[in-house]
Every structure is written in structure tokens, then in C-alpha cells.
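Input: a single structure, listed below in C-alpha cells.
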Amino acid sequence: MSRALWLPGLPPLLACIGLLVVWDVFTRAFAIEGLPPPLEALRQLPGILTDPEALLNIAASLKRMAIGFVLAVAFAMPIGLWMGRSRLIAAAFNPLFMVIYPVPKAALMPIIMLWLGVGEASKILVIFLGVSLPVVYHSFQGARTVEEKMLWSAAAMGVGPAGRMLRIVLPATLPEIMVGCRTGLVLALITMVTSEMIARQTGIGNIFFTALDMAQYNDVYAMIIIIGVLGFVCDFAFEAVRRWLVSWADSPHTIAVGSA
Amino acid sequence: MNAIALRRTVTEALAGVVPVLCILVPWYILSAGHFVPPALLPSPVDVFVRFVRLLGDPAFLHNVGVTLFRLFAGFGIAVVLGVAIGILAVGNRVVGAVVKPLVRVLAPLPKIALYPALVLTLGFDHSSKVALVVADALFPILLATYQGAASVDPKLVWSARAAGTSPTRCLFTVVLMAALPSILTGARIGLVISCIVVFLAEMIMSTDGLGQMLVKAGRTFQTVDMFVPIIAISVLGLALNGLFNLLSARLLIGFSTRS
């Protein structure tokens, strides 16, 4: 019994069931209009997941999210590493990031839409902005704490600055970069949903709000469940990749926390 | 030595201005040289003037006040709940066993997806926005509290227990205090998250607040007015962050400055 409880995945599963039970009890006890019992919402799931249009919307959203995420990592990681190794570069970029940090990236959506239109480009750009900050921050923090002796040894053996960056700083920082990427992944999902809520055209956010406008509350809750599962699956998959890439480092035991 | 340190500080401060100028100067040239119609990109001078002028406008101040109220209400509740649950999860094994998997499921969930549900159940007014801020700010605070409290030196607790403190009192007088640096780090992340979330909630569905100002300006293509709320939330975030740093420096007197 006690060993079964520690099977991987079982406690979160129990937590999910617990949440559904609490939700059910809540609806029975208070009967709030606009809060259907969980079974009603779950019953909508097969309908949404077999509807080709809904699936196309979800796929389009995921594609945007993936493109934005990959571009952001490719752009932010070098900047973060460079900031970590050069005091001058760090001093140059820090104030800029400090100013950008409290601005909700999805709030730039209306302005970016003016320039790039309501299409793919503006949504990808917003996701890109949202993911970049945590990746820069964690690469910066990681690169700052690389063991100096390793760099000196490499320099003594004749490895040039670019080689040191690529062969020492990058691998040594990889665990910390992965933490940043994990936060970034959660942020990508959040920014994606939010940007689609603000500029409704296609995607998950669009299905969501169309259902809300038409007062199909069961569909609204079904979408919340789908987005929640999506977040959990992304996080789980990334954790598997991370463990495979940096299995040599101690796992930091952090749970991804997202914000927009 | 001192002169070198001074020169270094000055150089670094100057270096910090460069990227900001790299954005502001092309922005100014593009708009002042009429390369871009002002309806798409207003001049930074216009935006700044408008921002300063609005600071005296009661309607604008009302919106800022509403946003700040929601922000602080949500952040306050999140701090109380997050610290309490985090400490209890460390102090009590049953609470810990319940809380840990729940956090694992709920933390990566995009909380903004709950917003329509919150609007449906709690209504259109303050409470749905405050609830969303709580949902988003809670987890960084809870996790930081949990991690801080779990890594408190057991010798501190043993000494207090040996001196006759009850286990419950120990939790609040020893563990809570020893976990303070970690809790404050979590709370700072939570504060910035609150800033962001309150703005987004107001953008998606609201009748007042800074976020709604932005959406309203966007609908009527008042580009200058679209930039003002964004600058306002950035300034607000910076100011709150600064205040929080002052407060935590004051609270952490006597702690070794680890990071």
C-alpha cells in the first residue's frame, strides 16, 4: 500500500481525482449558475477532441507555441551566456530587462497587431517575448557561476574565447538553462492562451471565448480541463527531456511556476 | 582602488543606458522623420508628455487606484495563504502529503484559463480579478516557503524544543523566521506576477483599471493612449519592486547575505 502510493504519477493522479470530487461536492452544495458539475464538463471532452475544426485550432496554437519557444531559446540563450561572462554586457542589458520584466507581454498584443496584423507573426512574436526573459535570466545566472578554474585551465591549454564559451560555459550552464526553459515552456502556453484571448481569431483561446459568449458553460470548463492537461503534459515531457540531457547534474526539484 | 571602483560603477551605469537608447533613438527617428504614420507608432515624446499630463487626471488616477487595489488585495491573500500552507506542509506530514501532489498538478496550469470560470462564478467585479491574482501569485510564494522551511537547520528546531517550546510554536517562531529569506524571494516573484496578471485580467474583461484603458484605446486606435498604460504598469512594477527590496532589506537585518 505505502509503496503503491509512491509510484510515479500516482499522487498527482489522486490529486486530480480529489480536485474533481471537491468540484462536484461544491456544485451540489451551492448550485451556482455558471458552474456545471464536473461530469457535464468531462462529457463534452470527446465531442471537442473529435471535432476536426477544434483539433485544427489546437494544432495551430501548438505550432505557434513551438515556433515562438524555439526562436526564443535560440535568441535568449546566447545573450544570457554572454551576459554571464562579461560584466559590461550584463550591466548594459540588466536595466533594459528590469524595465521589461513587469510588463505583461500579452499586453503588447494590441500594439503588435497594429504593426504585424492579427495573423501568425504577431502571436509568435508575443510568445517569443514571453519566453525570452526567463531563459535569459537563468542562462545569465548559470553562466555567472561557472567554475573559473575550468576556464583558466582551458585558456592555458589554448582554447580560444569562442571555444571556451561553447565547450565549457554552455555545458556547465546547461542544468540552469533547462530550468529557465521549463519556466519558459509554461510561459509559452500561458502567453499563447492569453494572446488568443485578446486577439480572437483561431486557436484554443478562440474556442474558449466563443463558448463563453454563447453561454455554453460546459464547453468552457471542458476547455479549461484541456488547457490544464496540455500544461501538465508539456511540463512532464520537458522534464523527461531535461533528465535525459542533464542526467549528470542534481535535479533541482523545482516545480515550474508560470505567469504571463 | 576607490577611484577604480568608482570608474567601474560609472561605466556600468553608462552601459545600462545604451540598449535603452538603442530602442528610444530609432523609435524617435522613425516617428519624427515621418517614416511611419503616427497612427502606428507615435513619437516617444508624445507618449511621455501624455503620460505626465495624465498623472494629474482624476479618471486616470482612479484607474490606477483600482488596479493597485486589486493587485494588493490579491497579493496580500496570496502571501498569507502561501506562507501558511507552505509552513504547515513542512510541519505536518499529512498536510504535506495532500499539498505536494496538488501543487504538482496545479502549478504548471495556466491560471489565466481559469479566468472565464472565475468571472462566471464570482461575477464581473473586483472579486474575479483578485481571485485570479491569488491563483497566480500563490504558487511561487508557497513553493519558496516550502523549500525555505524544509531546509531550515534542524539544530535550530532542536534547541528551541529543548528549551521547552511546543512544536506548533516552534513552527511559527523558529521555522518561519529562518525561512524568511526564501519566503521574501518567492514573494518578490509573486509581486511581479500579480502586476502582470491584474493587467491581463483587466484587458480580457473589465470595466475599469489600467488594462481596460489599453483595450479601450486599442478599439478606437488612440495609439498614444495605448502606450501610456503599458508605461504605467512598467513604472508601477519597478516602483513596487524597489519598495519591496527596501522592505526585505529591513526585514533581513541580521541574516547573512547569501544571495
Review point. Applying the selection to segment A:86-99, what residues are buried (at least 19 other Cβ atoms within 10 Å of the Cβ) and of a type outside the set (A, V, I, L, M)?
Key: A:93
Practice item. Count, please, the residues in segment A:107-141 that happen to be of a type in the set (Gly, Ala, Ser), in contact with a Ser or Thr (Cβ under 7 Å, 6 or more places away or on another chain) and more than 14 Å from chain B (Cβ to nearest Cβ). Key: 1
Check your understanding: Right, residue A:174: closer than 15 Å to residue A:239 by Cα and at pLDDT 85 or above or not?
Key -> yes
Review point. Can you tell me how many residues in segment B:117-143 are within 10 Å of chain A (Cβ to nearest Cβ) and touching a residue at least 60 places away in the same chain (Cβ under 8 Å)?
Key: 6
Study note, to complete from the structure: With criteria (1) over 30 Å from residue A:13 (Cα atoms); (2) touching a residue at least 40 places away in the same chain (Cβ under 8 Å); (3) not small (Gly, Ala, Ser), residue B:9 comes up short on (2)
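Matching residues to (1) facing chain B (nearest Cβ under 10 Å); (2) surrounded by fewer than 22 Cβ atoms within 10 Å (Cβ to Cβ); (3) modelled with pLDDT under 75:
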| residue | (1), (2), (3) |
| --- | --- |
| A:232 | yes, yes, no |
| A:237 | no, yes, no |
| A:241 | no, yes, no |
| A:244 | no, yes, no |
| A:249 | no, yes, yes |
| A:259 | yes, no, yes |
Exercise for review: Quickly run through segment B:12-45 and pick out the residues that are in contact (Cβ under 8 Å) with a residue 24 or more places away in the chain and either surrounded by fewer than 16 Cβ atoms within 10 Å (Cβ to Cβ) or farther than 16 Å from residue B:231 by Cα (or both).
Suggested key: B:38, B:39, B:40
**Study point:** Among the candidates A:47, A:80, A:18, residue that is more than 11 Å from chain B (Cβ to nearest Cβ), of a type in the set (Gly, Ala, Ser), part of a helix (DSSP H, G or I) and more than 30 Å from residue B:199 (Cα to Cα)
**Key:** A:47
Exercise for review: Quickly run through segment B:153-178 and pick out the residues that are of a type in the set (Val, Ile, Thr) and over 28 Å from residue B:74 (Cα atoms).
Suggested key: B:157, B:165
Review point. Which of the following residues is touching a Phe, Trp or Tyr at 6+ places or on another chain (Cβ under 7 Å) and at pLDDT 85 or above: B:79, B:90?
Key: B:90
Check your understanding: Do the conditions hold for residue B:124, that is, is it among the hydrophobic types (A, V, I, L, M, F, W, C), over 21 Å from residue A:19 (Cα atoms) and modelled with pLDDT of 85 or more?
Key -> no
**Study point:** Qualifying residue in segment B:48-64 (condition: among the small types (Gly, Ala, Ser), closer than 26 Å to residue B:185 by Cα, in a helix (DSSP H, G or I) and free of Cβ contacts under 8 Å to residues at least 60 places away in the same chain)
**Key:** no
**Study point:** Search result, residues across segment B:237-248 that are facing chain A (nearest Cβ under 7 Å) and among the hydrophobic types (A, V, I, L, M, F, W, C)
**Key:** B:238
Practice item. Sort out which residues of segment B:39-85 are under 16 Å from the mean Cα position of the chain (by Cα) and among the hydroxyl-bearing types (Ser, Thr, Tyr), and write them in order of number. Key: B:67
Check your understanding: Pick from A:186, A:220, A:193: which is within 22 Å of residue A:114 (Cβ to Cβ) and either within 11 Å of another protein chain (Cβ to nearest Cβ) or polar (S, T, N, Q) (or both)?
Key -> A:193
Review point. Hey, residue A:102 hits all of (1) surrounded by 19 or more Cβ atoms within 10 Å (Cβ to Cβ); (2) assigned to a helix (DSSP H, G or I) but one; which does it fall short on?
Key: (2)
**Study point:** Matching helices (runs of 4 or more DSSP H) fully within segment B:147-238 where at least 1 residues are polar (S, T, N, Q) and surrounded by fewer than 20 Cβ atoms within 10 Å (Cβ to Cβ)
**Key:** B:154-162, B:167-170, B:180-204
Exercise for review: Determine whether segment A:203-215 contains at least one residue that is modelled with pLDDT of 85 or more and within 10 Å of chain B (Cβ to nearest Cβ).
Suggested key: no
Exercise for review: Might you check whether a residue that is basic (Lys, Arg), touching a residue at least 60 places away in the same chain (Cβ under 8 Å), surrounded by fewer than 19 Cβ atoms within 10 Å (Cβ to Cβ) and part of a helix (DSSP H, G or I) occurs anywhere in segment A:141-157?
Suggested key: yes
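The values are calculated or read from the model by the stated rules, or taken from the named source; none is laboratory data. Everything quoted here is computed from the prediction, not taken from an experiment. Reconstructed Cβ throughout: ideal geometry from the backbone, glycine too, with neighbour counts over all protein chains shown.
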